[in-house]
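The values are calculated or read from the model by the stated rules, or taken from the named source; none is laboratory data. Worth saying up front: this structure is predicted, and the values here are computed from it rather than measured. Positions of Cβ are generated from backbone atoms using ideal geometry, with glycine treated the same way; all protein chains shown enter the neighbour counts. SASA here: full protein model, heavy atoms, side chains in, ligands and nucleic acids out. Shrake-Rupley method; radii C 1.70, N 1.55, O 1.52, S 1.80 Å.
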Amino acid sequence: MHIHRIEIHNFRCLKHIDVNDLGAMNILIGANNSGKTAFIEVLHHALGYSGRNAPTEDDFFVDSKAFNPKKSEPIRVIIEFRETPDSRFSDNINNDFLDIIQYDEDIIPDRYKDEIEPIRYIILKYEYSFNKSRSRYIESWCFIKKDGSEIIKSKVSNSRKSYFPYFLMKALRDASDEVKRKYSNWGKLKYSVDYSNKQEKLKKLVDRINKLLISDENILSNLISEIMKIGDYLDFGKGPGDIFLRAMSDRGWEYLDNLNVFLRSRDSFASIPLEKHGMGVQNFVILFILNAYLDIALPISIENKETTPIIGIEEPEAHLHPQAQRAIFRMLSDIKGQKFISTHSSHFLRESDIYNFLLFKMDSGKTLISRIPRYKPSFDIKYGYPDIWYKNNLFLNNFEQNKIKRYMLYKNADIFFSKLFILCEGDSEKVFLEILCEHILGKSLAQLGVSIIPCDSNTNYKPFLKIASKESLNLLWIIFSDSDKNTRNKVENQVRSSEYDFEKVKKDIIFLYKGQDLEKHYIRELGSSLVINILRDSYMRNDFEKFHNSKPNSSEEQILKDFLKKYKIPAAEIVADYIVSKKLTIPRKVKQLANRINSKLKLR
Amino acid sequence: MNDNMLDGLNEQQRKAAKHKDGALLLLAGPGSGKTKVLTRRIVYLLSQSKEEKFHILALTFTKKAANEMKKKVQALVGDEISRLFIGTFHSFCWNVLQTYGNYIGLKSELTVYDKDSSIQLMDECINDLIKESGENLESREFFKNVKRNISTYYHKFEQWKNTLKPYDEIYENKEEIPELILLFKKYNETLIRSGALDYGDLVYYTLQLFHKKKFILRQYRTSYRYILVDEGQDTNWIQYKFLNIFCGEVHKNVFIVADEDQLLYEWNGANLRYLLNFVKEFKADKFQLLVNYRCPNEIIEIASSLIEKNIIRTTGKKPMESQKAKPNCCVFLESLNSPDDEIDFITKKIIKINDFKNTCVMARNRYILEPLRQKFEEIGIEVYMPMREELFATDEFKSLIIILNCVFNEDSIIHIRQFYNYFRASDNLKLEEMPIPTPKPDMQSTVFARVLNFLSENEETGKPWSIKLINLLQSFLLDKNSFFKYINEILGFIIGKTKEKVLSTDSEENELLRRDYDVLDKIIRKYKSKQEDYTLNTFLSEIALSGKDEYLSINGVSLLTVHAAKGLEYDYVFIMTLNERVFPDYRALSNTRKIEEERRSCYVAVTRTKKQLYLSYTKFRTTRYGTWPQEPSRFLEEMGLL
């Protein structure tokens, strides 16, 4: 069973969270301490299959200095499971949840109400709070209706919970822990082995080994005789059956106690136990063990063929090389079930669908989650409409979607980790602005959470403007644009058509002076002769000379212009570096940009 | 391994229990083990399908029967019990509405009024209407007449609701007496205001839900693969209609256990015709359980002889066979001169038998039993004579329940009126005249909160502890889930002593209070063992669902009407005053149909016996007008005893 919607209240920094339309894969991104761990952990309290425990008093959201968890609002998690027209609840689910299932009729348009059955859903509520009449904190689970009222006599039994068991993989994954702990996935796999039909044979062998190891060795058999004298002083018997040594356990459930994974690197002779390998290998193997557990042991222990595991994993990329990260991602995608993965890895993002991102942000101590919607917010989504309607109501049309995907894939997935986008036309702007802004602001843009996005043309801002909008990820942006010919109009139109209140965002669009592009701008600010000298002084001198000599009939300005057209990017880098190292006056528009960045991020 | 479930069943019972798909009518006479068959069938169906998850719906006639069967099934199937719904027809409707009532606009927090509460509500409405009639003597008379026959009108209203016409349409009906329509309307409006449904509403709204939201009906139809109905003969028209709607064209796995010879509810609309329709429409197989395990042979012979005089019976019905060896004579007929002599005779015999718990005396109605009860009390013979639905004997405990109901549903007018009445009993303010205070600004506007506020401001209530109690109740309203704590305190105030004092002092007035404390403790213990989460709502449900019989100690001689004895059995049975015009009742004499129902009553009474049956009649009867000769009942002749 698939989770469609989750509501969380009063758990740590998650005061009120409501996310819906969740898919099979959900990627949680956001700064450290923005609530991602809280999200993954509270699901474990509510739905955890094993190793689950209750929250503590520290887990309540604190709203004031005089906060008292006993009088606080309860920690509450509301989880909605929903079928889709293509994947309806099975007969078993319908039977197991009889009188609990709710029906959504509204999502079927009137004219189809006779043909299409309403969509079924189930809502589970989990609460943790202080119960006065029993004087202690109590957890409770129940099923509820749409209006929140409890469905009486609806027990959240183990057999019902077996449809959606939740597994938590926290960030710190230590192989020795995994291997030794009895209730880790490794432990559960081990203990599901049944040796009862080999019991006798094994016992005989174990006895033989113990004999070989111990009683056949002089030192140890002498030791035994010494030890047996304990019987003289303490109340133990003195026969060989009363005090004895044993090296290998003959108890069936202890045979596999030391079961471990050994790995030998290619072309090496050494097979090394898992916990002696690096953190990356450990992390990787542990995630594979999880997969093995879900595949092999879970179906047996849970006794429900229709179970769909739900998994919460923190930072699966920990300690892993990019190729390994991608491999893990693919392994996780193949796991049957629903996944909530928190990550800081752009390699992960690159492999994912942008609609799966949940962006976590902290605002005055409370977490906000935002996403890229699939459809326009004004679209009243129902099932059964003609395909063209859905297509026309997409939030990002196909072109825009592809633009973003390609950007993420080939250029930079870090944009989703940024607080502020700077949209500009090309890579030369990017290089120029990055160097100069770092110099002005004292920190690199990456450190500040600012991303410069070269959009390759002045008509490509729209996809980014859309995903930055309030309906979507609610991110800050500034446009740094050329000002030649029709560019100004084109840019302004794009902003307007992305549903922004133009008057409010005017300040965030910085145009170069009339008719300018970047090169024209810095030539203007520095003077063409200075620029020429800078170039002649740089590692590009030879290219410049060659160029210069190839155009004997052009003016200096013209040669400069043409050269810069050809070698935009390295030239931008060179000029910017020069400005910084010689502490020249920053070109005015760049200064304006830096100021704007300052005020948007509220630095200082 | 699986057939262990069917151990201890005879051939016919086994065949019935194992019947797979398709409809079946099982004719099961008294003492033939039908409860056993039903229970085992459910167990068989559940245990044969452990891999599957379908549900079973079992409809019984009383809550008590449902609880008992459920216990037996649970003992044999354990957790699979979650796949069984067993309850009365009305409790199933209530279950459906609690779950999905909001899909047709019903509120979430609703209560169900059983017959007694509904009649109480009707009574209040009538009183209001009488006042409103003012000078109109005709109206007043009409309403007073309704009041005298209130039970009949309750059933009439129920039947109106069973026609499934929208209530608004019924209100427009010009062919009914306008005053009656007025009452019907007022009654329904008061129900809605009190957040309550009566039994007629339960059925009406459930069928409306099935009609408007067919996907819900379809789900139930698919999930409840097997349906079992007990006491099919007492099932009335609307219940059959329900079965038809529930099953639709496709679902045919309906198993009905019936014995038309025990059809006692014709006055409630039950009719053999529905049973016969069922057999036809569902193409049901027909089995009969012939062996009677309860009664000695002699009794079966006279019972069969009696019932065969009825004409309206299913065709092809064979007489029952006894399983018990012929003992010495076990049927005794005694004729006495007068009712007093009869009472003497019965009393002496019962003392001689000296097995009170397993002895029962039945009569046509309660008035006949009453003098016997008084005699038993005089002599000191313990008596079990169940009053209707009264769980507690003392006023104090009854008021506790009233208070709990007021706290739970602060708008429930009938409970609030009763509460007020108890409070102001020393005043001469009558029930109808209680003012419902108007809401003040910034104040809670529920009726109960207003009444409490009103009482706290008008101190002349006559009982010294009143103010403290009112304050206690006001804080109770803010803290409803700590009700256990409040129960003891409230009782302390009302009784005037602490619980310890009551339990330790051995006086007559304390006797009843001690008994009621005992009953309350039993209920609380049972409730706590079932619940994890304590709410006032579930606690009150527990009280409402507790069959009084579970808590009254049945150590005395049972004095029962035949209807009350349905489903029960005793070693020693006395049937008294078997006189023509008494049993059969004089009102039945002119009507063959009614005589047949009386005959069935007698048949049921006789077949309660396990060891010995004592029948008696009187030759004379004394009234204030003189002494009249009496004829023995024709049933005695029909049984071959006269």
Return a yes/no flag: does region B:148-163 have any residue that is farther than 27 Å from B:E410 by Cα and outside any helix (DSSP H, G or I).
yes
So B:T206, is it of a type outside the set (G, A, S), touching a helix residue (DSSP H, G or I) at 6+ places or on another chain (Cβ under 9 Å), assigned to a helix (DSSP H, G or I) and within 14 Å of chain A (Cβ to nearest Cβ):
yes
(1) over 19 Å from A:D194 (Cα atoms); (2) open to solvent by 50 Å² or more (accessible area, probe 1.4 Å); (3) in a loop (DSSP other than H, G, I, E, B) all hold for A:M248 apart from (1)
Quick check: is even one residue across region B:64-83 part of a loop (DSSP other than H, G, I, E, B), open to solvent by less than 40 Å² (accessible area, probe 1.4 Å) and away from every other protein chain (no Cβ under 14 Å)?
no
Given (1) of a type in the set (A, V, I, L, M); (2) within 14 Å of chain A (Cβ to nearest Cβ); (3) in a loop (DSSP other than H, G, I, E, B), B:L217 misses just (3)
Of all residues in region A:15-64, count the ones that are without any contact (Cβ under 8 Å) to a residue 24 or more places away in the chain and of a type in the set (A, V, I, L, M, F, W, C).
1
Restricting attention to helices (runs of 4 or more DSSP H) lying wholly within region A:484-586, give those where 3 or more residues are surrounded by fewer than 18 Cβ atoms within 10 Å (Cβ to Cβ) and within 41 Å of the chain's Cα centre (by Cα).
A:487-497, A:502-505, A:568-581
Take the conditions in a loop (DSSP other than H, G, I, E, B) and either modelled with pLDDT of 85 or more or of a type in the set (D, E, K, R) (or both) and apply them to B:R273. Does it pass?
no
Can you find even one residue in region A:395-405 that is out of contact with any Pro (no Cβ under 8 Å at 6 or more places or on another chain), buried (at least 20 other Cβ atoms within 10 Å of the Cβ) and of a type in the set (D, E, K, R)?
no
Considering region A:129-156 alone, what residues qualify as being within 10 Å of chain B (Cβ to nearest Cβ), hydroxyl-bearing (S, T, Y) and within 31 Å of the chain's Cα centre (by Cα)?
A:S140
Scan of region A:251-270 for residues that are farther than 20 Å from A:W186 by Cα and open to solvent by less than 100 Å² (accessible area, probe 1.4 Å), ordered by number:
A:S265, A:S268, A:A270
Taking region A:133-175, which residues are outside any strand (DSSP E or B), without any contact (Cβ under 8 Å) to a residue 60 or more places away in the chain and either β-branched (V, I, T) or open to solvent by 40 Å² or more (accessible area, probe 1.4 Å) (or both)?
A:S133, A:R134, A:S135, A:K146, A:D147, A:I151, A:I152, A:K153, A:K155, A:V156, A:N158, A:L172
Condition check for B:D21: among the charged types (D, E, K, R), touching a strand residue (DSSP E or B) at 6+ places or on another chain (Cβ under 9 Å) and open to solvent by 40 Å² or more (accessible area, probe 1.4 Å)
yes
Among the candidates B:E508, B:E500, B:E489, which residue alone is open to solvent by 20 Å² or more (accessible area, probe 1.4 Å) and either at pLDDT below 75 or in contact with a strand residue (DSSP E or B) (Cβ under 9 Å, 6 or more places away or on another chain) (or both)?
B:E508
Need a quick list: helices (runs of 4 or more DSSP H) entirely within region A:275-346 having at least 3 residues that are of a type in the set (D, E, K, R).
A:322-334
For the list (1) more than 14 Å from every other protein chain (Cβ to nearest Cβ); (2) at pLDDT 90 or above; (3) open to solvent by less than 10 Å² (accessible area, probe 1.4 Å), I need the number of the one condition that B:Q13 fails.
(2)
May I ask you to list the residues in region A:119-128 that are open to solvent by 10 Å² or more (accessible area, probe 1.4 Å) and within 12 Å of chain B (Cβ to nearest Cβ)?
A:R120, A:E127
Note down all Cβ pairs under 7 Å where the first residue falls in region B:42-60 and is within 14 Å of chain A (Cβ to nearest Cβ), the second is crowded, with 18+ Cβ neighbours inside 10 Å and among the polar types (S, T, N, Q), and they're at least six residues apart or on different chains.
B:K53/A:N95; B:F54/A:N95; B:F54/B:S223; B:H55/A:N95; B:H55/B:S223
Selection status of A:F480, modelled with pLDDT under 90 and among the aromatic types (F, W, Y)
no
Log entry, pairs with first residue in region A:214-225 being modelled with pLDDT of 85 or more, second being among the β-branched types (V, I, T) and surrounded by 12 or more Cβ atoms within 10 Å (Cβ to Cβ), beta carbons closer than 7 Å, six or more apart or on different chains, reads A:L220/A:I214
When restricted to A:L287, A:L320, A:L274, the only residue in the same structural domain as A:A38 (by TED's automatic domain parsing) and modelled with pLDDT under 90 is A:L320
Inside region B:84-100, can you point out the residues that are facing another protein chain (nearest Cβ under 10 Å), open to solvent by less than 20 Å² (accessible area, probe 1.4 Å) and touching a residue at least 60 places away in the same chain (Cβ under 8 Å)?
B:V96, B:Y100
A:P74 is checked against (1) farther than 17 Å from A:H45 by Cα; (2) touching an Asp or Glu at 6+ places or on another chain (Cβ under 7 Å) and fails just one. What number does that condition carry?
(1)
Restricting the search to region B:291-321, which residues are of a type outside the set (A, V, I, L, M, F, W, C), part of a loop (DSSP other than H, G, I, E, B), open to solvent by 30 Å² or more (accessible area, probe 1.4 Å) and touching a Leu at 6+ places or on another chain (Cβ under 7 Å)?
B:K317, B:K318
With B:I150, B:I192, B:I170, B:I177 as the choices, which residue is more than 30 Å from A:L98 (Cα to Cα) and surrounded by fewer than 15 Cβ atoms within 10 Å (Cβ to Cβ)?
B:I177
What residue, among those in region A:1-14 that are in contact (Cβ under 8 Å) with a residue 60 or more places away in the chain and of a type in the set (D, E, K, R), is nearest to A:R374 (Cα to Cα)?
A:R5
Kindly establish whether A:R406 is farther than 26 Å from A:E115 by Cα, at pLDDT 90 or above and under 22 Å from the mean Cα position of the chain (by Cα).
no
Strands (runs of 3 or more DSSP E) wholly inside region A:5-107 that include at least 1 residues being within 14 Å of chain B (Cβ to nearest Cβ) and open to solvent by less than 10 Å² (accessible area, probe 1.4 Å):
A:102-104
